[in-house]
Each structure stands twice: as C-alpha cells, then as structure tokens.
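Read the structure below first, then the notes.
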Amino acid sequence: MQPGLLEQGLTLMLVGMGTVFVFLTLLVAATTLMSRLAAKRSPAPVAESPVGDDEVGDDEVAAISAAIIRHRRR
C-alpha cells in the first residue's frame, strides 16, 4: 500500500525541519568555537590614560549648550 499524500507531506516536513535543526545547531557550535578562539587570540585591551589636552573648556561647553538649545527650538 502506498503512503498517502498527507503522510508524504508529514515525512517531508520532518526531514526538512530536522535538516534545518541540525544545520542551525552546527552553525551555533561553529560560531561559539570561533568566538572563543578569537577571544583567546586577540590582545588585551589597553586602557587609555586621560590626557589634559582633550579637556573641554568652559567657553566650549557654553557654545555647545547654546547650539543644542537653539537646535531643539526649531
């Protein structure tokens, strides 16, 4: 006896969903592995020391604040 159309459809659906599930599981595993390898190989982040040249003066703060206020009023 031949399987009915509904049985064929269910079989095809299960095979397709199983294939997608296996592929996504392998993709997650590969991504996790690559992430761990990249984290081990990357250099440690270097903390930047604050430099006095980059400080913003009072006049600059006032100018920026005035520009923001003027922009918001539009």
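The values are calculated or read from the model by the stated rules, or taken from the named source; none is laboratory data. As the structure is a prediction and not an experimental result, all values here were calculated from the model. Cβ atoms come from the backbone with ideal geometry, glycine included; neighbour counts cover every protein chain shown.
General remarks:
- Residue 58 being over 32 Å from the mean Cα position of the chain (by Cα) and at pLDDT 85 or above: yes
- Test: residue in the stretch 36-47 that is out of contact with any Asp or Glu (no Cβ under 7 Å at 6 or more places or on another chain) and either modelled with pLDDT of 95 or more or surrounded by 10 or more Cβ atoms within 10 Å (Cβ to Cβ) (or both): yes
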